[in-house]
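Novice: Here it is, the structure, as structure tokens.
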Amino acid sequence: MKRMPLVSAAAATLLLAGCGAGSESPEAQGLDPAAPVAVNVAETAGVPSAYLNYGVQQGFFEEEGLDVTVDVSAGGAAAVPGLMSGGLQLAGSNTVSALLAVEKGLPITMVAPGTFGSETEGEDFSAVLVAENSEIREPADLAGATIAVNTLENIGDVTISAALEEHGVDPAGVEFVEIGFPDMIPALERGQIDAAWEIEPFVTIGAESGARPVLWPYVEARPGLMVGSYLATREYREQNPEVIEAFRNGLEATAASVAEDPDAFRAALPDLARVTPEVAGSMTLPQWRSEIDVESLEFIEEQMREHGLISEPVDVDAVVGD
């Protein structure tokens, strides 16, 4: 398939699986909330970064002894260099970016899960949208289309390709172009692209302007797919097990809070995600779980090899590292 850069710059049901990620090390004693450790964490623009910021806002990480600063990024691929330079201690990343980094020999490890897709088509936080007057009406019509993704050779084009194959469509003729999530709908309306792969809140924002979903890549590729993850360098993980444990606990507390009171999370979204109250009230939320889904990673790794993103198998167990 062809991939070209283009100029320009996430189930109303939330699920907690399991009761905890476990301690990173028997020696991890926990941190002192009175003297919090500063941690810079990158996360993808949209609901993923809003979710992490919500946990910060509610004090869940502070209670664990962490002073978390959220750095909003364009995507997981953009955050990995920050980990390697030391500017970031942790980074939210889609699973494709994580596996690509490891395949390239970078000392990256996965420390916690992020967002999960839905189990039900039509209820996911990610969709491929087309303009209201587009002749594209179903997945088969995407053959040969130009589709915008936020970053090339990543979770977007991998899951779109897998979902198209589930519909019997050869993705080889699809042309993927790179556009930032906020800029996709305007590009769609101008006719620069045939379709746009969006995550929330941009799916709902697009629908408000008349855009229509024709494909739900995450759920149609693999229902319940683990899409997001949090990464650290191996050195940082080994030297800071108490920080990793505290961060996992903060994530788990955030997930529990959103599951118990999703309306409170939605009420915070206008500030956290810069959306209107109407969009915040109607948008589809991802699922958040507390355990890394190794089967999802194995599926993604297989798709990456099938579609030529990697040439050699990646040891998924080594990526998780627990």
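The values are calculated or read from the model by the stated rules, or taken from the named source; none is laboratory data. Keep in mind that this is a model prediction, so the values were computed, not measured. Reconstructed Cβ throughout: ideal geometry from the backbone, glycine too, with neighbour counts over all protein chains shown. Heavy atoms of the whole protein, side chains included, go into the accessibility calculation; ligands, DNA and RNA do not. Shrake-Rupley method; radii C 1.70, N 1.55, O 1.52, S 1.80 Å.
Novice: So, with +1 on the Cβ of K and R and -1 on the Cβ of D and E, and no other charges, what is the size of the charge dipole of the range 126-221 about its Cα centre, to the nearest 20 debye?
Specialist: 160 debye
Novice: Please get the size of the charge dipole for the chain, origin at its Cα centre, with Cβ charges of +1 on Lys and Arg and -1 on Asp and Glu, quoted in debye to the nearest 20.
Specialist: Rounded to the nearest 20 debye, it is 700 debye.
Novice: Rounded to the nearest 500, what is the chain's calculated 222 nm mean residue ellipticity when only DSSP H runs of at least 4 contribute -39500 (n - 2.57) each, over all residues?
Specialist: Taking each H run of at least 4 residues, the total per residue is -11000 deg cm²/dmol.
Novice: What order do S282, S296 take when sorted by accessible area (1.4 Å probe), most exposed first?
Specialist: From most exposed to least exposed: S282, S296.
Novice: Next up: With each label point set 7 Å from Cα along the Cα-Cβ vector, what nm distance links A38 and R190?
Specialist: Distance between label points: 3.9 nm.
Novice: Would you work out if the range 126-221 is rounded, prolate or oblate? Take a ≥ b ≥ c from the square roots of the eigenvalues of the alpha-carbon gyration tensor; rounded if a/c is under 1.5, else prolate when a/b is larger than b/c, oblate otherwise.
Specialist: rounded
Novice: Would you work out which of T115, N150, V128 lies farthest towards the positive end of the dipole of the chain, given +1 charges on the beta-carbon of Lys and Arg and -1 on that of Asp and Glu, about the Cα centre?
Specialist: In the chain, that residue is N150.
Novice: Averaging over all projection directions, find the projected area of the Cα convex hull of the range 177-256 and quote it in nm² with one decimal place.
Specialist: 7.9 nm²
Novice: Mind listing the long-range amide H neighbours of G144? Cut-off is under 5 Å, sequence gap 5 or more, other chains count too, H placed in the peptide plane at 1.01 Å from N.
Specialist: Counting only residues 5 or more places away or on other chains, the set is G173, V174.
Novice: Would you mind telling me the antiparallel percentage of the DSSP bridges in the range 126-221, rounded to 5?
Specialist: Approximately 55 percent, going by the DSSP bridge assignments.
Novice: Can you compute 3J(HN,Hα) from phi for each residue in the range 225-231, using the Karplus curve 6.51 cos²θ - 1.76 cosθ + 1.60 with θ = phi - 60°, rounded to whole Hz and x for Gly and Pro?
Specialist: With the stated coefficients, the range 225-231 comes to 5, 6, 9, x, 7, 10, 10 Hz.
Novice: Shifting gears a bit: Take every DSSP beta bridge whose two residues both sit in the chain, then give the antiparallel share in percent to the nearest 5.
Specialist: 50 percent
Novice: Output ³J(HN,Hα) for the range 193-208: one whole-Hz value per residue in order, computed from phi by the Karplus curve 6.51 cos²θ - 1.76 cosθ + 1.60 with θ = phi - 60°, and x for Gly and Pro.
Specialist: Running phi through 6.51 cos²θ - 1.76 cosθ + 1.60 with θ = phi - 60° gives 9, 8, 8, 10, 8, 10, 10, 5, x, 6, 4, 5, 4, x, 4, 5 Hz.
Novice: A further question on this structure: Given a 1.4 Å probe and heavy atoms of the protein chains only, how would you sort H167, H307, largest accessible area at the top?
Specialist: H167, H307
Novice: Which listed residue (P217, P186, V169) has the Cα farthest towards the positive end of the charge dipole for the range 126-221, taking +1 on Lys and Arg C-beta and -1 on Asp and Glu C-beta about the Cα centre?
Specialist: Going by the charge dipole, the pick is P186.
Novice: Using the alpha-carbon centroid of each, what span in Å lies between the range 247-301 and the range 174-233?
Specialist: 17 Å
Novice: A further question on this structure: Taking just the C-alpha trace of the range 52-172, give me its Rg and Dmax in Å.
Specialist: 17.8, 54
Novice: Another question, if that's okay. Could you state the accessible area per residue of the range 126-221 in Å², with a 1.4 Å probe and every protein chain left in place?
Specialist: Here the residues of the range 126-221 average 34 Å² of exposed surface.
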